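Visitor: Could you have a look at this structure, given as structure tokens, before my questions?
The values are calculated or read from the model by the stated rules, or taken from the named source; none is laboratory data. Just so it is clear, the model here is predicted, and its values are computed rather than measured. Only protein heavy atoms, including side chains, enter the accessible area calculation; ligands, DNA and RNA are left aside. Shrake-Rupley method; radii C 1.70, N 1.55, O 1.52, S 1.80 Å.
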Amino acid sequence: MEEQKPAYLVISEALANHAEWKQALDSVTVALRSFLLFDNMALYLGQDGQINRTDVVYARATGRGKSAEADIDWGQEIAQAVFHKDELIIKTPDATTPRDQRISFPYFLGLPLKSSQGIIGALVFVRFGGPTYTSRHINDARYLATLFGCMFERRMLEQQIVTLEESRRQADLQEDFIATISHELRTPLGFIKGYSTTLLRPDAEWDAETRKEFLTIIDEEADHLAGLIDHMLESARLQSKTLLMNFQPVRIDALLRDATMRSQTRYKDLTVILENETQVIPLVMADSVRLTQVLLNFFSNAVKYAPGSPIYLRVRLFENFLRIEFRDEGPGIAAQHLPHIFNKFYRVPGYGASGSGLGLFICRLIILAHRGQLAVQSMLGQGTTFLIDLPLSQSS
Ligand code: ADP
């Protein structure tokens, strides 16, 4: 027959083996019954030299103290004193206390919880109506308090690791971002510098046509640079939520017509087919300027990446949202790129068109700010559809 494990072994193994500290304490409480007699036990973690009611991190009652379990105030005063003095405290009822009710006759034992840095909290036991704590009980309780202290120290270290890992991740992201930004900014700047230096060479003469060609490149690259900077500022503002949105009831059909007209003025050969000319479309709470910006971005992408294709625009109504579908019949986007298409600076390699890879990233932030969703569907050789889902307000 297997010999029963001594309680101290069960307790120390539970604390060492459970990754989750509350589960560990639950196992400990079960094993404690044969180890140390108590009605209630509570663990407090203090801060700034204080223990408050909210600092109870764990409390358990056995049979006799069940009624007092919900009320964790019972150990508060002792815990506060232990934490303040950084020493073990035993408090027994004085002789004048009426002994008719056990609950009003508590024997307290409070012990400091320590980490290697010093006191971090208190462990408090109560026995209603006694018996008094013997030196063996006190030593057992000290043993427990030491184990609990180690357990909480481990938990604090684990939390510190999580925080440090998060800040390292942030720093890595920042570094990536700076590296990508400087790379993106350097490309147009390189063109501007190269062509202007060439034009300024004292040992060369340029005919009017070449000069114009070089100046056109410089002009275009300067525009590209300005566009990049605008995009970066805007995405930074959208991400830090400092860009205020102006939500108002918006007629989506009118907004689609307006964006279409603006794009057709800009891109003379663009064919746009609006598929909902007759349908009544409910009002949507939206920032019309930002939503138009999203559509204009889709139009300019379609011109760049699906040249010559007509654009189909459709609105579909669902129970609690409205979907705008923006479809082209261009070359499409390969499946492996689709999950990344809304990521910052992501561009599908192989297209000649210039861009920053920030357009769709910004579009997504704008739609998210509307509590909506932006998605893409695409098949190589068949075309691409962007789907904007916007919530319909209850009233509309
Ligand atoms: P940019 O156009 O500045 O590169 P975007 O974020 O607007 O950046 O777009 C990201 C990438 O998505 C583009 O580089 C392009 O590869 C791809 N893309 C966007 N729209 C389309 C489209 N309609 N058809 C095919 N590919 C597209």
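Visitor: If I fit a long axis through the Cα atoms of helix 135-200 and take the longest principal axis of the Cα atoms of the chain, what angle between them do I get, 0 to 90°, rounded to 10?
Guide: Tilt of helix 135-200: around 10 degrees.
Visitor: Kindly provide the helix-only [θ] at 222 nm of the chain, computed as the sum of -39,500 (n - 2.57) over DSSP H runs of four or more divided by all residues, to the nearest 500 deg cm²/dmol?
Guide: -15500 deg cm²/dmol, from helical runs alone.
Visitor: Between Gln279 and Ser196, what is 0.36 nm times their sequence separation minus the Cα-Cα distance? Round to one decimal in nm.
Guide: Once the chain is fully extended between Gln279 and Ser196, it gains 24.4 nm.
Visitor: While we're on this one: Return the sequence-ordered ³J(HN,Hα) values of the range 37-50 in whole Hz as given by the Karplus equation 6.51 cos²θ - 1.76 cosθ + 1.60 applied to θ = phi - 60°, using x for Gly and Pro.
Guide: Coupling constants for the range 37-50: 7, 7, 8, 10, 9, 9, 10, 10, 10, x, 8, 6, x, 10 Hz.
Visitor: Please state the shape class of the chain: rounded when a/c is under 1.5, otherwise prolate if a/b exceeds b/c and oblate if not, all from the C-alpha gyration tensor.
Guide: Judged from the Cα gyration tensor, the chain comes out prolate (a/c at least 1.5, a/b above b/c).
Visitor: Relative to the present Cα-Cα distance, how much length would full extension add between Ile90 and Gln174 at 0.36 nm per residue of separation?
Guide: Full extension from Ile90 to Gln174 adds 24.8 nm.
Visitor: Where is the GNM fluctuation largest for the chain (alpha-carbon springs, 10 angstrom cutoff): Arg316, Arg201, Arg237?
Guide: Arg201
Visitor: Do you know the Lys pair count in the range 7-151 for C-alpha distances under 24 Å, with sequence separation 8 or more or different chains?
Guide: Lysine pairs satisfying the spacing and distance rule in the range 7-151 number 5.
Visitor: Which of Pro339, Pro202, Pro307 moves most in a GNM of the chain, Cα contacts under 10 Å?
Guide: Greatest mean-square fluctuation among the candidates belongs to Pro202.
Visitor: Looking at the chain as a GNM with Cα springs under 10 Å, which of Thr163, Thr278, Thr216 has the largest mean-square fluctuation?
Guide: Thr278
Visitor: Under 19 Å from the Cα of Lys241, which aspartates and glutamates turn up, not counting those fewer than eight places away in the same chain?
Guide: Asp230, Asp287
Visitor: At 0.36 nm per residue, minus the direct Cα-Cα distance, what do Leu157 and Gln336 gain on full extension? Give it in nm, one decimal, please.
Guide: Gain in length upon complete extension: 60.5 nm.
Visitor: Which far-off residues, 5 or more places away or on another chain, put their amide H under 5 Å from the one on Leu322, with H placed in the peptide plane?
Guide: Amide H to amide H, under 5 Å and 5 or more residues apart or across chains, Leu322 pairs with Leu390, Leu392.
Visitor: Let me ask something additional. Non-local amide H neighbours of Tyr58 (under 5 Å, H modeled in plane, Pro and chain starts lacking H): which ones?
Guide: Leu43
Visitor: Report the relative contact order of the chain, percent, no decimals, based on alpha-carbon pairs under 8 angstrom and at least 6 residues apart.
Guide: 10 percent
Visitor: Taking amide H positions as placed 1.01 Å from N in the peptide plane, with prolines and chain starts having none, which residues 5 or more places from Met379, or on another chain, fall under 5 Å of its amide H?
Guide: Ile333
Visitor: Leaving out ligands, DNA and RNA but keeping every protein chain, what accessible area does Cys363 have, in Å² rounded to the nearest 10, with a 1.4 Å probe?
Guide: 0 Å²
Visitor: Roughly how many whole Å is it from the C-alpha centroid of the range 133-207 to that of the range 295-360?
Guide: So the separation of the two Cα centres works out to 32 Å.
Visitor: Also: What angle, in degrees between 0 and 90 and rounded to the nearest 10, separates the Cα long axis of helix 7-17 from the longest principal axis of the Cα atoms of the chain?
Guide: 10 degrees
Visitor: From the phi angles alone, apply the Karplus equation (6.51, -1.76, 1.60; θ = phi - 60°) to the range 317-334 and give each ³J(HN,Hα) in whole Hz, x where the residue is Gly or Pro.
Guide: Going residue by residue, I get 9, 10, 4, 10, 8, 10, 10, 9, 10, 10, 10, 10, 10, x, x, x, 10, 5 Hz, with x marking Gly and Pro.
Visitor: If you roll a 1.4 angstrom probe over the protein chains with everything in place, what fraction of the accessible area of the chain belongs to carbon and sulfur, to the nearest %?
Guide: 54 percent
Visitor: Sticking with this one: Measure nothing but the geometry: give the 0 to 90° angle between the long axis through the Cα atoms of 359-369 and the longest principal axis through the Cα atoms of the chain, rounded to 10°.
Guide: 50 degrees
Visitor: What is the range 342-392's relative contact order, in percent, from Cα pairs under 8 angstrom and six or more apart in sequence?
Guide: That works out to 26 percent.
Visitor: Per residue, how many Å² of accessible area does the chain show with a 1.4 Å probe?
Guide: Here the per-residue accessible area is 58 Å².
Visitor: Then there is this: Based on the alpha-carbon gyration tensor of the range 245-396 and its eigenvalue square roots a ≥ b ≥ c, which shape applies: rounded if a/c is under 1.5, prolate if not and a/b is larger than b/c, or oblate?
Guide: Prolate, since a/c reaches 1.5 and a/b exceeds b/c.
Visitor: To continue, here is another question. Take the alpha carbon gyration tensor of the range 219-321, find the square roots of its eigenvalues, order them as a ≥ b ≥ c, and report rounded if a/c is under 1.5; if not, report prolate when a/b exceeds b/c, else oblate.
Guide: Oblate, because a/c is 1.5 or more while a/b does not exceed b/c.
Visitor: Could you report the accessible area of His137 in Å², rounded to 10, computed with a 1.4 Å probe on the protein chains as they sit in the structure?
Guide: The accessible area comes out at roughly 40 Å².
Visitor: Okay, next question. At a probe radius of 1.4 Å, what is the per-residue accessible area of Lys85, in Å² to the nearest 10?
Guide: Accessible area, nearest 10 Å²: 120 Å².
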